[in-house]
Amino acid sequence: MIAALAAAVTGPRGRWVTIATWIAIAVGGYVCRSHIGDVAAAGQSAFLPKGAESVQALDELSGARTDTGKPSGGGHEEVPAVVVFDREGGLTNDDLNAIGRLGRGLNELKITGATPIIDPFTAEAREPLGDIAKLDRGVGPISNDGEAALVVLALNAADHGALRRGVGEIREYLAAHAVPGLNAYVTGPAGIAADLDQVADEAGQTLLFATLGLVLVLLLLVYRAPLLALLPLVAVGAAYMVAIGIAYLLIKAGWIVVNTEGTFLLLVLVFGAGTDYSLLLVHRYREEIQNGRPAPEALPLALRETIPAVGASGGTVMAAMLVLLVADLQSTHWLGPILAIGIGVMVCSAFTLLPALLAVLGERAFWPAARAPRRAGPGIWDRVASLVERRSRPIIVLVTGGLVVLALGNFLHHGTIGFGQGETKRTNSSEGTAVLNEHFPPGLASPLTAVVPPDEAARVTEGMKNLASVRLAIPVPAGHGFESSAVAIVLAGNPYSGEAAEEVGKIRERLHAISPGALLGGLPAENWDVEQTNGRDTGLIVPLVLLVVGLILAAVLRAIAAPLYLMVTVVLSFAGTLGLSTFLLSQFGGEGITFDLTLLAFLFLVALGVDYNIFLMTRVREEAARHGTKAGMLRALIATGGVVTGAGLILAGTFATLTLLPLEELIQIGATVAIGVLLDTFIVRALLIPAITFRLGDRAWWPARRGGAEAPPRG
């Protein structure tokens, strides 16, 4: 079957059919890619399980909220948009009149899904807002210093498109009715989310071109042949377009839920892993040509020899990604299938499109040096192999000890990044948040909402006031259609911070002690539920990924001993990487560490780290059959060292491009994975695993036995 595939895609007619088919499908994917931002999910509750308390609170409010006696929309998340006005030197009476007109005008826009939450200039709002002002000086529609005022709306967050359109309409209206000297900002959860989405869209183009440029430069350095550098890029680019097109269709059909960050991770994974797969095929192809075979014979042979390793590697990564389906957090749950689809499409491209392109060019792909002879004399990997042979024991002790020391960084105390704190680019919403925090209690922008039985609202209000983390608690009058009452809880600190999310746990405990059936919602509560759900998911996914990857390794290598120590090195490498990353972020980072860094870094480093294990150890088995395990290990290290190192550099580089984005979460994930891949490539894969395998010899294949001459270790 493998031989038939190789002959079909490299044959005189099959190569052109293969290329034409891929072009047609990739063009369709490109068209879909331009619309991916319109269907990506928005709002925290879109990713939380239905059983999360903040989601239950949201459903309770959304199902009953009515200003007209009609339900507000059956469960779509309404996200507050806070319009902040300020003037240096203080607001004038003309400003206040203008703000009143703007507030009424915004309400008359009839933005889809938008309803006024706080309109300080309507008679219905005066009494509750007056109560707030009496309870806490400085809280209300106009700041205590007279320099700022607020109007708050609720926008439907069915998807990013709806949220961005709503915020865009508000900003367009404010710009069209601007008052000289009166500044207007749209912030709050809706404004921040819309700006994050806009920044992400702009960053998507930056990421794509940066990844393309970096991979091209690295391939040119590896091959020193322009055509040979372009062909893998074409194959990987086509695979990415097909994968993102499939993702769009699945999201559009409502079968999966994915956010913008997930599409970015798909891009870097496909380009990184896909280029690695391409490198292996091209490396083996070049080997066969250098051995004297003509290109028409060398290419099918190289493809036949590469398919098992690449297939096993891609299958392992896909299996690891699909483990994410056990996650309750939907952003994690559906990320797995999307990434698995990306890898699957890339493996198909490596088996079909790339060989077809190589077949069309033949030896011209290697221009200007198609049959350049191998370098005479020992190279760098000969010297590394010699070091492993002579000093295997010290290498094991020193590398293991170093990784353990790096892992100690995981014990450093660090906070987590809250909603909106991960944006490093200055935006209208970030400016508005700064103004709001300067003139109002910061918690006013995004209060918690306790949904309680009507007869317990007063007790809950009094009980919340006694908490140090609560600035203010006040009952919200129940509208027509409500069976429950609500208590607005304004936090003393920044409601978007990681610290605020942690306070939610204490507030929730107090709330349940007062009113056992109460529900606590709002953005800070959603942040807390996201972190707690992610923590539970991590505890389940990590051992499952290790089990799945270990079983696949055992099947591929037909051994138990080798997979066991390979998995130990992968875990040790990950622990060292995360410890180093945590140390660097705690010393030189900003607000804290993103909540999903551990899970995503683990997933990528384990799955992709096992990739290189498979590449190396399948070659060791091949060499050991002829030369014995010890000599086979050294020969495999010399043969694969260059290509695996090149692949590692490219993979690290693609993830490093995430650090160019103005989104702290992706910066941290990109930097951590890049550090881990480099550590894995140059230390673990080049020294530790060869040293362990060399010392074990044939015992590495236990319980199977593999013959061959063995020399006693000298280190």
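Here are the numbers for this structure:
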| item | result |
| --- | --- |
| Given (1) under 16 Å from ALA407 (Cβ atoms); (2) at pLDDT 90 or above; (3) among the aliphatic types (A, V, I, L, M), number of the condition ALA656 does not satisfy | (1) |
| Qualifying residues in region 56-94 (those that are modelled with pLDDT of 85 or more and in a helix (DSSP H, G or I)) - the one surrounded by the most Cβ atoms within 10 Å (Cβ to Cβ) | ALA57 |
| Selection status of VAL504, in a helix (DSSP H, G or I), within 30 Å of ARG621 (Cβ to Cβ) and either of a type in the set (Val, Ile, Thr) or modelled with pLDDT of 90 or more (or both) | no |
| Residue within region 641-648 that is of a type outside the set (Asp, Glu) and modelled with pLDDT of 90 or more present | no |
| Selection from region 302-338 of residues that are touching a residue at least 60 places away in the same chain (Cβ under 8 Å) and closer than 16 Å to THR618 by Cβ | LEU303, ARG304, ILE307, PRO308, ALA309, ALA312, SER313, GLY315, THR316, VAL317 |
| Complete set of residues in region 211-235 that are crowded, with 20+ Cβ neighbours inside 10 Å and over 18 Å from LEU658 (Cα atoms) | LEU219, VAL222, TYR223, ALA225, LEU228, ALA229, LEU231, PRO232, ALA235 |
| Residues of region 165-200 classified as of a type in the set (Ser, Thr, Tyr) and not in a helix (DSSP H, G or I), total | 2 |
| Odd one out for GLY493 among (1) of a type outside the set (Lys, Arg); (2) out of contact with any helix residue (DSSP H, G or I) (no Cβ under 9 Å at 6 or more places or on another chain); (3) outside any helix (DSSP H, G or I) | (2) |
| ALA229 being assigned to a helix (DSSP H, G or I), under 25 Å from THR316 (Cβ atoms) and modelled with pLDDT of 85 or more | no |
| Residue that is modelled with the lowest pLDDT [pool: residues in region 403-426 that are in contact with a helix residue (DSSP H, G or I) (Cβ under 7 Å, 6 or more places away or on another chain) and among the charged types (D, E, K, R)] | GLU423 |
| Residue match in region 619-626 (condition: out of contact with any Phe, Trp or Tyr (no Cβ under 6 Å at 6 or more places or on another chain) and at positive phi) | no |
| Any chance VAL548 is under 23 Å from LEU687 (Cβ atoms), under 23 Å from the mean Cα position of the chain (by Cα) and at pLDDT below 95 | no |
| Verdict on VAL310 being modelled with pLDDT under 90 and either under 21 Å from ALA555 (Cβ atoms) or touching a helix residue (DSSP H, G or I) at 6+ places or on another chain (Cβ under 8 Å) (or both) | yes |
| Criterion (among the polar types (S, T, N, Q), within 29 Å of LEU634 (Cβ to Cβ) and modelled with pLDDT of 90 or more) met by exactly one of THR400, THR352 | THR400 |
| Qualifying residue in region 571-594 (condition: over 18 Å from the mean Cα position of the chain (by Cα), under 29 Å from ASN466 (Cα atoms) and at pLDDT below 90) | yes |
| Conditions (1) under 25 Å from LEU153 (Cβ atoms); (2) surrounded by fewer than 22 Cβ atoms within 10 Å (Cβ to Cβ); (3) free of Cβ contacts under 8 Å to residues at least 24 places away in the same chain: number failed by LEU472 | (3) |
| Residue in region 201-216 that is within 30 Å of ILE343 (Cα to Cα) and outside any helix (DSSP H, G or I) present | no |
| Every pair of residues 6+ apart whose Cβ atoms lie under 6 Å, when the first sits in region 603-614 and is within 10 Å of VAL570 (Cβ to Cβ) while the second is among the aromatic types (Phe, Trp, Tyr) and surrounded by 24 or more Cβ atoms within 10 Å (Cβ to Cβ) | LEU605/PHE574 |
| Unmet criterion (only one of (1) within 21 Å of VAL268 (Cα to Cα); (2) touching a Ser or Thr at 6+ places or on another chain (Cβ under 8 Å)) for ARG619 | (1) |
| Where a residue in region 186-208 is at positive phi and its partner, wherever it lies, is surrounded by 24 or more Cβ atoms within 10 Å (Cβ to Cβ) and among the small types (Gly, Ala, Ser), with Cβ under 9 Å and at least six apart | GLY188/ALA81; GLY188/SER429; GLY188/GLY432; GLY188/ALA445; GLY188/SER446 |
| Residue match in region 373-383 (condition: more than 30 Å from GLU53 (Cβ to Cβ), touching a Phe, Trp or Tyr at 6+ places or on another chain (Cβ under 9 Å), surrounded by 18 or more Cβ atoms within 10 Å (Cβ to Cβ) and at pLDDT 85 or above) | no |
| Close pairs from region 1-22: first at pLDDT below 80, partner in a loop (DSSP other than H, G, I, E, B) and surrounded by fewer than 17 Cβ atoms within 10 Å (Cβ to Cβ), Cβ under 9 Å, at least 6 apart | none |
| Subset of region 464-484 [assigned to a strand (DSSP E or B) and modelled with pLDDT of 80 or more] | VAL470, ARG471, LEU472, ALA473, ILE474, PRO475 |
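The values are calculated or read from the model by the stated rules, or taken from the named source; none is laboratory data. The structure displayed is predicted, hence computed values, not measured ones. Positions of Cβ are generated from backbone atoms using ideal geometry, with glycine treated the same way; all protein chains shown enter the neighbour counts.
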